[in-house]
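Everything below concerns the one structure shown next.
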Amino acid sequence: MNTMKFPFEAGREDVLSRPEAFVDAVFSSLVSEFLILPKGSGFLDYPTFAAGYEALKQASAGFTQLDADSVLAATLKTPVILLVLRSILGFTPPEWAYLASNRKQLTIPQGAARTLDREVRMRPMRTLSPSETTRLRLQALVETACELISEGCPRVADDKLHRLQKADGLDGLDSVRQLGDLGVPYAMLLYERFLGRPFAGHRDSVSELVGDGLESAIEETLTLAGITFRKTRRAERIPGFDQAPDFIVPDEFNPRIIIEAKLTEDDGTARDKATRVLRLCSMAEQRRQAGQATYQVIACLAGRGFGVRREDMRQMILHTGGMIFTPRTLHRMVECSDLAAYRTKKFE
């Protein structure tokens, strides 16, 4: 036992008898890259955002008059203005669409709002030539933004916090103009970042890209070993599974090995993802007890979120029989699991 380190190197009895030691082993191999984010195809750099800010400032005569028609004309010419307006409001695209729909009696679906926002991020400086429907929606969004910014933050009860209660929202357009002229008080800027989390919107928009890195590493490992596998698509329906596993070996018609790739930097999300792994283990056990052909469950975990949920990790180690791998141990996955029986190539 002294030579054992990781649970996949131990026998099932060893894992069951000393799970805590293996929890420590897995924790030691978990790494986090939360300081580094992929930019993604819709990343907006600061010079482009600043160009939109200056265009909006010109269209509003230095934030002295926020005329919706003038702002809309400028937005059609310089679409990134839309993102600047949304940043001043502090809303997500669906939130902005909801308020505009209510104020202007015009239906703006959340999906349409997200699509418009992404199109602007993809081509922030290309002149817009929208369809009549999109133009009406864009007009409603701009008018609503101009109204909300000009009105400023209304009074609310002492035990409530209004979303416009920000340094640039307290006194309507005067607040925006003052900050534009004088610069933002650093303490207030830090406080608003504290409330909103730095890069929160971008982190959400590239969350799938972050997870794709782990899946790509698994895919490469299986391919190098010449293993037949089926990588499922997001939200795909697979018969026999209430949620499609990330990888099935050799395929969904004859599942023998299930691989779940889970990355999280948040312990709350880690709980949900651990539950998903345990659910697959439960389904495999039910098949075994029913005398049906079953499958081995392998969990590939990454991110600091899993490193603080000790009991969840212990349960995953116990129920998978030690089949827990991380980016640092992924190169051992084939040789230390049932995948070895499907290997047709040796690693170079």
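Side notes on the structure shown:
- Within the stretch 331-347, residues that are of a type in the set (D, E, K, R) have Cβ atoms under 8 Å from residues that are surrounded by fewer than 15 Cβ atoms within 10 Å (Cβ to Cβ) in these pairs: ARG343/GLY226; LYS345/GLY226, counting only partners at least 6 apart in sequence or on another chain.
- Annotation: SER29 fulfils all but one of (1) surrounded by 15 or more Cβ atoms within 10 Å (Cβ to Cβ); (2) at pLDDT 95 or above; the unmet one is (2).
- A residue that is more than 15 Å from PHE22 (Cβ to Cβ), in a loop (DSSP other than H, G, I, E, B) and at pLDDT below 95 occurs somewhere in the stretch 268-290.
- Condition check for VAL277: farther than 20 Å from PRO250 by Cβ, crowded, with 20+ Cβ neighbours inside 10 Å and out of contact with any Phe, Trp or Tyr (no Cβ under 9 Å at 6 or more places or on another chain): yes
- Residues that are among the hydroxyl-bearing types (Ser, Thr, Tyr) and surrounded by fewer than 22 Cβ atoms within 10 Å (Cβ to Cβ), drawn from the stretch 253-270: THR269
- Matching residues, the stretch 127-138, being surrounded by 13 or more Cβ atoms within 10 Å (Cβ to Cβ) and not aliphatic (A, V, I, L, M): PRO130, THR134, ARG135, ARG137
- Candidate set from the stretch 139-173 (those that are closer than 17 Å to GLN105 by Cβ and not hydrophobic (A, V, I, L, M, F, W, C)); member that is surrounded by the fewest Cβ atoms within 10 Å (Cβ to Cβ): GLU147
- GLN315 vs. criteria surrounded by fewer than 23 Cβ atoms within 10 Å (Cβ to Cβ) and within 27 Å of the chain's Cα centre (by Cα): yes
- Whichever residue in the stretch 237-252 is hydrophobic (A, V, I, L, M, F, W, C) and out of contact with any helix residue (DSSP H, G or I) (no Cβ under 7 Å at 6 or more places or on another chain) and, among such residues, is surrounded by the fewest Cβ atoms within 10 Å (Cβ to Cβ): ILE238
- Any hit, the stretch 292-301, residues being assigned to a helix (DSSP H, G or I) and either loosely packed, with under 14 Cβ neighbours inside 10 Å or touching a residue at least 12 places away in the same chain (Cβ under 8 Å) (or both): no
- Close pairs from the stretch 88-115: first part of a helix (DSSP H, G or I), partner hydroxyl-bearing (Ser, Thr, Tyr), Cβ under 7 Å, at least 6 apart: LEU99/THR144; ALA100/THR144; SER101/THR107; ARG103/THR144; LYS104/THR144
- Of the candidates MET333, MET283, MET323, the single residue that is aliphatic (A, V, I, L, M) and buried (at least 24 other Cβ atoms within 10 Å of the Cβ) is MET323.
- Candidates SER28, SER60, SER41, filtered to the one that is within 23 Å of the chain's Cα centre (by Cα) and among the small types (Gly, Ala, Ser): SER41
- Top-ranked residue of the stretch 171-188 - restricted to ones that are assigned to a loop (DSSP other than H, G, I, E, B) and under 31 Å from the mean Cα position of the chain (by Cα), ranked as farthest from LEU72 (Cα to Cα): PRO185
- Residue in the stretch 85-96 that is out of contact with any helix residue (DSSP H, G or I) (no Cβ under 7 Å at 6 or more places or on another chain), loosely packed, with under 15 Cβ neighbours inside 10 Å, over 14 Å from ILE149 (Cβ atoms) and not assigned by TED's automatic domain parsing to the domain that holds ASP312 present: no
- Going through (1) closer than 22 Å to ARG114 by Cβ; (2) surrounded by 14 or more Cβ atoms within 10 Å (Cβ to Cβ) one by one, SER41 falls short only on (2).
- In the stretch 154-179, the residues that are basic (Lys, Arg) reach residues that are crowded, with 16+ Cβ neighbours inside 10 Å and assigned to a loop (DSSP other than H, G, I, E, B) with C-beta atoms within less than 9 angstrom, at least six apart or across chains, in these pairs: ARG163/GLY90; ARG163/PHE91; ARG163/CYS153; ARG163/GLY169; LYS166/GLY90; LYS166/CYS153; ARG177/SER60; ARG177/PHE63.
- Given (1) in a helix (DSSP H, G or I); (2) at pLDDT 95 or above; (3) over 16 Å from ILE317 (Cα atoms), number of the condition ILE227 does not satisfy: (1)
- Taking the stretch 146-165 as the range and being at pLDDT below 85 and among the polar types (S, T, N, Q) as the test, only GLN165 passes.
- Condition check for GLY172: modelled with pLDDT of 75 or more and outside the structural domain of GLU265 (by TED's automatic domain parsing): yes
The values are calculated or read from the model by the stated rules, or taken from the named source; none is laboratory data. Just so you know, these numbers come straight off a predicted model, no measurement behind them. Here Cβ is always computed from backbone atoms with ideal geometry, including for glycine, and neighbour counts include all displayed protein chains.
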